[in-house]
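Structure first, commentary second.
The values are calculated or read from the model by the stated rules, or taken from the named source; none is laboratory data. For clarity, every value in this text was computed on a predicted model and none was experimentally measured. Counting neighbours? That spans all protein chains shown, and the Cβs are built from the backbone with ideal geometry, glycine included. For accessibility, only protein heavy atoms count, side chains too; no ligands or nucleic acids. Shrake-Rupley method; radii C 1.70, N 1.55, O 1.52, S 1.80 Å.
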Amino acid sequence: MATKTDSIVGTTNFFPSSTSSGNGLLFRTPDAQAIRSFSANSNLSAYNITRHEVDSRIQSLKAPASPSSLNTKRDNKDLAEVIFDATAHAKISTSQIAMYLDDKWRKNIFEQLDLLHDLNNWDDDLNPVNNASTQTFLRTIVNIKPKAYPGLGLSTKGNLVAAWTTGKKRLTIEFFPKDKTQWIFSQPVDGETERAAGITTVNRLFECIKPYSIDDWFTYKKA
Amino acid sequence: MAQSKTYARPPITEAVIEIAFTSALNKKDLVKLSKKYQSHYPKEDSVSNFEVEVNVRGVELDETTAKLKNQRLGHRRSSEDMCQLLVLWPKTLTIAQLAPYDGWSIFYQRFNRDWRTLKSTVAQREIERIGIRYINRIDIPVSSPVIEHEEFLNIFPKLPDMLQPMNAFNIQAQVYLQDIDCQLRINSAAVPSPLIDHASFVVDLDFLRVQNVPQNDRALQNLLNTIRNKKNEVFESLITDKARALFNHGN
């Protein structure tokens, strides 16, 4: 049980809130009891505290970078290192939502990412996976919860591309940064290939594609 | 002892155990030690940490000087899936587990294995500091523009009505836990959510033992288990039943 509180409540850092819709969310606190102010023993009198103590307290305020968020050295990376960085970031991003994915999904994504970035088959015209695109992809699959695994590919800009195929019926989605997606659906109808395409946000994606016969791949129910 | 709750979707995004020593390893020993972990952590990266001191003596630019005060070079090793990390600095060994978190027992076994590897590779060193850190993220479904996050969390800033609602917050509290003789640093902040239509809040609990630091394995094990139990107690005190329901039923 804590017996002494040395709380520094005043250090609020306000930054633009970032949400899926891009609109600011607002947080309200109730009329709760006031948080206790500095303890009587905190000894922050300007007459008593030394510069060393100030430095020490400032140091202790810093939350150290966690192991997953450490910066790695970036000078003169060769292709193998660039590719490693890209896949590492994608896998760390996946870990951030791993509690919403079952293990098979995670393993499937990682296997495909590794295959796409196989150094032995690397095409110099390609770019490694773009982490912002990965994040859009992850937000999509957690939101829509596909029941079938997609095949994954990379665009020349390093955007992830997911494809679901049943016979000649196909849905392809390219995932851009900042929750943007581009989708193309095609299926044979009376001997002709019927196509539909669109550009939309992750939020709107299912509404846009649900008129098409996608039941093989999705059974989306909004929570 | 705090009841250990098992959640279907534990909100832990990163769990960390860190051991800091009073004396640093030299560069050669650090490289040698890093190689010992290769079979468990095949991916390796170099990491660096800089401290820069800036002295501002007057109003002119040429009266300001900056110098590199401290530079640390370390090794970060990881499993293929990047979920198991090990970081070696000259004075610290850090073991981390990213989500999915498989429970304390498995995490502690890995720490124990890697701790024994260190001890068998380099000379015995005095331990200066022991730390356990759990970073949790609580994802709250959003159904209106205003989130009543106090229905999910017991940690938040208090502002007068005229200054509400807030767009964002970031708070830190430092607490001395006398019963386990540890410092606790709690960081909590609203963060960009990785999920659609959710608001997310981080609750970062960092426990440090910096005095009466155990120096043998049995005492170290006892302390780590004690801190872990306290962590559960603290975390449960910082969330409400509505948050617990999220961890069991999710989004």
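Could you go through the stretch B:134-151 and let me know if any residue there is more than 30 Å from residue A:143 (Cα to Cα), within 14 Å of chain A (Cβ to nearest Cβ) and open to solvent by less than 40 Å² (accessible area, probe 1.4 Å). Even if it seems obvious, please write down each step before you answer.
If we filter the stretch B:134-151 for residues that are more than 30 Å from residue A:143 (Cα to Cα), which is where we start, we get none.
No, there is no match, as no residue in the stretch B:134-151 is more than 30 Å from residue A:143 (Cα to Cα), within 14 Å of chain A (Cβ to nearest Cβ) and open to solvent by less than 40 Å² (accessible area, probe 1.4 Å).
For residue A:151, indicate whether it is of a type outside the set (S, T, N, Q), on the phi > 0 side of the Ramachandran plot and either open to solvent by less than 80 Å² (accessible area, probe 1.4 Å) or modelled with pLDDT of 95 or more (or both).
Working: of a type outside the set (S, T, N, Q): yes; on the phi > 0 side of the Ramachandran plot: no; either open to solvent by less than 80 Å² (accessible area, probe 1.4 Å) or modelled with pLDDT of 95 or more (or both): yes.
No, not satisfied.
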Pick from the stretch B:184-205 the residues that are within 7 Å of chain A (Cβ to nearest Cβ) and touching a residue at least 60 places away in the same chain (Cβ under 8 Å): which of them is nearest to residue A:201 (Cα to Cα)?
-> B:199
Looking across the stretch B:157-183 at residues that are in contact with a helix residue (DSSP H, G or I) (Cβ under 7 Å, 6 or more places away or on another chain) and more than 7 Å from chain A (Cβ to nearest Cβ), the single one that is surrounded by the most Cβ atoms within 10 Å (Cβ to Cβ) is B:182
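Quick check, is residue B:72 out of contact with any Lys or Arg (no Cβ under 6 Å at 6 or more places or on another chain), more than 9 Å from every other protein chain (Cβ to nearest Cβ) and outside any strand (DSSP E or B)?
Details: out of contact with any Lys or Arg (no Cβ under 6 Å at 6 or more places or on another chain): yes; more than 9 Å from every other protein chain (Cβ to nearest Cβ): yes; outside any strand (DSSP E or B): no.
Criteria not met by residue B:72.
Would you pick out the residues in the stretch B:168-182 that are aliphatic (A, V, I, L, M) and farther than 15 Å from residue B:228 by Cα? Spell out the reasoning first.
Step one: filter the stretch B:168-182 for residues aliphatic (A, V, I, L, M), giving B:168, B:171, B:173, B:175, B:177, B:180.
Residues satisfying the conditions are B:168, B:171, B:173, B:175.
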Answer residue from the stretch A:120-148, given it is farther than 19 Å from residue A:210 by Cα, part of a loop (DSSP other than H, G, I, E, B) and in contact (Cβ under 8 Å) with a residue 12 or more places away in the chain and is most open to solvent (accessible area, probe 1.4 Å) among those = A:125
Looking at B:23, B:39, which is the one that is in contact with an Asp or Glu (Cβ under 8 Å, 6 or more places away or on another chain), over 28 Å from residue B:136 (Cβ atoms) and in a loop (DSSP other than H, G, I, E, B)?
-> B:23
Checked the stretch B:58-79 for anything out of contact with any strand residue (DSSP E or B) (no Cβ under 7 Å at 6 or more places or on another chain) and open to solvent by 40 Å² or more (accessible area, probe 1.4 Å); matches are B:59, B:60, B:61, B:62, B:63
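Here is a yes/no grid of residues against (1) closer than 28 Å to residue A:89 by Cβ; (2) modelled with pLDDT of 95 or more; (3) open to solvent by less than 80 Å² (accessible area, probe 1.4 Å):
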position	(1), (2), (3)
A:161	yes, yes, yes
A:167	no, no, yes
A:177	yes, yes, yes
A:190	no, no, no
A:197	no, yes, yes
A:210	no, no, no
A:217	yes, no, yes
List every residue pair whose Cβ atoms lie under 8 Å apart, where the two residues are 6 or more positions apart in sequence or sit on different chains, the first residue falls within the stretch A:197-208 and is of a type in the set (Gly, Ala, Ser), and the second residue, located anywhere, is assigned to a strand (DSSP E or B).
-> A:197/A:182; A:197/A:183; A:197/A:184; A:197/A:185; A:198/A:182; A:198/A:183
Checking residue B:210 against (1) facing chain A (nearest Cβ under 10 Å); (2) hydrophobic (A, V, I, L, M, F, W, C); (3) within 20 Å of residue B:130 (Cα to Cα); (4) touching a residue at least 12 places away in the same chain (Cβ under 8 Å), which single condition isn't satisfied?
-> (1)
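Among the residues of the stretch A:101-116, are any surrounded by fewer than 22 Cβ atoms within 10 Å (Cβ to Cβ), outside any helix (DSSP H, G or I) and at pLDDT below 95? So that I can check it myself, show each step before the final result.
Pass one, the stretch A:101-116, residues surrounded by fewer than 22 Cβ atoms within 10 Å (Cβ to Cβ): A:101-108, A:110-116.
The next check asks that each one be outside any helix (DSSP H, G or I); those that pass are A:101-102.
Checking which are at pLDDT below 95 leaves us with A:101-102.
Yes, because at least one residue in the stretch A:101-116 is surrounded by fewer than 22 Cβ atoms within 10 Å (Cβ to Cβ), outside any helix (DSSP H, G or I) and at pLDDT below 95.
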Scan B:94, B:65 and give me the residue that is assigned to a strand (DSSP E or B), among the polar types (S, T, N, Q) and over 16 Å from the mean Cα position of the chain (by Cα).
-> B:65
A careful count of residues in the stretch B:97-129 that are in a strand (DSSP E or B) and open to solvent by 40 Å² or more (accessible area, probe 1.4 Å) gives 2
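A quick yes/no check of all residues on (1) over 27 Å from residue B:122 (Cα atoms); (2) among the basic types (Lys, Arg); (3) in contact (Cβ under 8 Å) with a residue 60 or more places away in the chain:
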{"position": "B:34", "(1), (2), (3)": "no, no, no"}
{"position": "B:38", "(1), (2), (3)": "no, no, no"}
{"position": "B:45", "(1), (2), (3)": "no, no, no"}
{"position": "B:48", "(1), (2), (3)": "no, no, no"}
{"position": "B:53", "(1), (2), (3)": "yes, no, no"}
{"position": "B:57", "(1), (2), (3)": "yes, yes, no"}
{"position": "B:63", "(1), (2), (3)": "yes, no, no"}
{"position": "B:73", "(1), (2), (3)": "no, no, no"}
{"position": "B:77", "(1), (2), (3)": "no, yes, no"}
For the stretch B:28-51, which residues satisfy the criterion of being open to solvent by 30 Å² or more (accessible area, probe 1.4 Å) and away from every other protein chain (no Cβ under 14 Å)?
-> B:28, B:29, B:31, B:32, B:35, B:36, B:38, B:39, B:40
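I want to confirm something. Restricting to the stretch A:85-140 and keeping residues that are hydroxyl-bearing (Ser, Thr, Tyr) and within 17 Å of residue A:155 (Cβ to Cβ), which single residue is farthest from the other protein chains (Cβ to nearest Cβ)? Before the answer, list the steps.
First, pick out the residues of the stretch A:85-140 that are hydroxyl-bearing (Ser, Thr, Tyr): A:87, A:93-95, A:100, A:133-134, A:136, A:140.
Subset that is within 17 Å of residue A:155 (Cβ to Cβ): A:87, A:133-134, A:136, A:140.
Numbers: A:87: 8, A:133: 14, A:134: 11, A:136: 10, A:140: 8 Å.
Taking the candidates together, the pick is A:133.
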